[in-house]
Each structure stands twice: as structure tokens, then as C-alpha cells.
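Working notes, beginning with the structure itself.
The values are calculated or read from the model by the stated rules, or taken from the named source; none is laboratory data. Quantities reported herein were computed from a predicted structural model and do not represent experimental measurements. So basically every Cβ, Gly included, is an ideal-geometry build from the backbone, and we count neighbours across all protein chains shown. Side chains included, ligands, DNA and RNA excluded: accessible areas come from the protein's heavy atoms. Shrake-Rupley method; radii C 1.70, N 1.55, O 1.52, S 1.80 Å.
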Amino acid sequence: MINELKNYFKTWWTIILRPIYFYTILKEENWKEKALSFLIITSWILALLAAIVAFVIQYIPIGSTLVSGVSGFKLIIVLPVLIALAAVFFAITFLILGGVFCFGFFIVFSLLAIALHYICLGFKGSGSMNGIIQSLFYSTAPLLLGAVIFFLMILVKYSNLDFAVFRSGYNFIYFLIVLYMYGLWAIAAKKNYGLPKWKAFLAATVPAVLLLIFAVLFDKIALCKIEPWIS
């Protein structure tokens, strides 16, 4: 496990800091191997961070009310039970979020890869579906930057950060992640399909625009519903 994480973060740093170099030296292999493992590890890391935030924002306040007014020997008796319950709820939350993130990212990036594949073929490129799925699974690396959003949630809960500021921060970070992935997809399209640079960037525009449309819809429909949960 330790070696897996070391290899993961080594690959992650290369993708983030030297994306052109990474995709240049990337050899095509079955997407079900290292590329899928990279996506899964990314998902579980985000799930862990999200579970910690849920624990800090929801479980700790609930637990504090349970021990309110309890002190001395009674607290010593109750504390192990509370710790055990907290560990169980944390584990359940972590496992549920991990499954949701893995499934969600797998579906989303698979569909984006399929869309990008046919767009590149439409631009007279020549490449394999396997290669572009592999490349897009590696493009999940910028998603870890979403950890900043989790940090902002804690600030809203405990530092009186205005929700409007959180909302602006969320949308800005989301835009930066999509922008970075857009660049990765353009590099992947150029490498996998032999397209000229301008065609590669044009092809990558479609999946990027789809994610931005989703962001607008999510902001209008769902983001406001998070406010009672983190405030």
C-alpha cells in the first residue's frame, strides 16, 4: 500500500508539474491497469478528505451534545463508547463516499473519453479508444485540488466565513480544475490522435464545456442546499 501511494504521488506530481512530459513518455497500456488504479486512488483520497470534513462539521457537534454536562468518572465510562461510535460512523461515511466517488468518476471520465474519441476521429485523427480512456483517467489528478473546497467548508462552519464567499471560492476552484484538465485533454488528443495543436484544443473544448455547463446547473440547483449543512 505504501509503495502504491508513493508511485501514485510521483505520477501525480509529474502530471501536475510536467503534463506535456508525462503524456509524451506515457506508453499505451490497458486502461484497466495503472490508469484505472490512479483514478481509484484519487477517488479514495478525496473520499477520505470528505469523510474527515463530514466528521468535523457534523459528527463532532453531535458528539459534544451527547457529553454535555457529563464529567468526571461518568465521562471516563462514556468516552470509549463515543469513540467507538465515532469510528464506526466515520468508517461508514468513508466507505459510502469512496464507492460513490469511484463509480461517479469512472462513469464521467469514461463518457468524456468516448466523446473526445469520436470528436478526434471527426477531425481526421487516428487513435484508439483504449489510449484516450487511459489518458483521461490520468487527467483526474487535478481533482485533488478540490481539497481546498473541503477546507473552505470548515471555515464556513467554524470561522464564520460567509457562504457567498464559499460559493465564489467553490466556483473559482472548480473552474481552475476544469481549465487544467482541458489542457491535459488537449495534450492527450494531440498525442493519441496525431492532431495539430489547434485541432486538439478545439476537440478538448467540448468535454470542458460540458463540465462547465454542469457547474452552472449545480450552482443554481444544488449548491445552495449545502448551506444549512455546513453553516
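Sort 155, 79 by heavy-atom solvent-accessible area, probe 1.4 angstrom, most to least.
Working: 155 45, 79 80 Å².
Reading off the accessible areas and sorting them downward yields 79, 155.
Could you tell me the accessible area of residue 165 in Å² (1.4 Å probe, neighbours in place), rounded to the nearest ten?
About 80 Å², ignoring ligands and nucleic acids.
Dividing the alpha-carbon radius of gyration of the chain by 2.2 N^0.38 Å (N being the number of residues), what value is obtained? Working shown, then result.
Working: Rg = 21.0 Å, N = 231, 2.2 N^0.38 = 17.4 Å.
Ratio of Rg to 2.2 N^0.38 Å for the chain: 1.21.
What lysines does residue 190 reach when the alpha-carbon gap must be under 16 Å and sequence neighbours fewer than 8 apart in one chain are set aside?
Result set, ordered by chain and number: 27, 124, 199.
For residue 13, what accessible area in Å² do you get when you roll a 1.4 Å probe over the heavy atoms of the protein chains, rounding to the nearest 10?
About 140 Å², ignoring ligands and nucleic acids.
Counting only protein heavy atoms and using a 1.4 Å probe, what share of the accessible area of the chain belongs to carbon plus sulfur, as a whole percent?
74
Can you give me the orientation-averaged projected area of the convex hull built on the Cα atoms of segment 145-199, in nm²?
For the Cα atoms of segment 145-199, the hull's average projected area reads 4.3 nm².
Taking the Cα centroid of segment 1-40 and of segment 91-141, what is the distance between the two, rounded to the nearest whole Å?
Cα centroid of segment 1-40 versus Cα centroid of segment 91-141: 14 Å apart.
Using a Gaussian network model of the chain with C-alpha springs under 10 Å, which one of 25, 60, 45 is most mobile by mean-square fluctuation?
Maximum among the listed residues: 25.
Kindly report, to the nearest 10 Å², the accessible surface of residue 28 as traced by a 1.4 Å probe over protein heavy atoms only.
110
Cut-off under 22 Å on the C-alpha distance; same-chain residues fewer than 8 positions from residue 225 excluded. Which lysines are left, in chain and number order?
157
Specify the longest stretch of the chain that does not include any exposed loop site, a site being one of the trypsin sites (Lys or Arg not before Pro) with a non-H, G, I, E, B DSSP assignment and at most 15 other Cβ atoms within 10 Å.
My reading of the result: 125-231 is the longest stretch.
If every alpha-carbon in segment 116-223 counts as one equal scatterer, what log10 I(q)/I(0) does Debye give at q = 0.10, 0.17 1/Å?
-0.36, -0.79
Which order do 162, 219 take when ranked by solvent-accessible area (1.4 Å probe, heavy atoms of all protein chains), largest first?
The ordering from most to least exposed comes out as 162, 219.
Protein chains only, probe 1.4 Å: how do 224, 102 rank by accessible area, largest first?
My answer, sorted largest first, is 224, 102.
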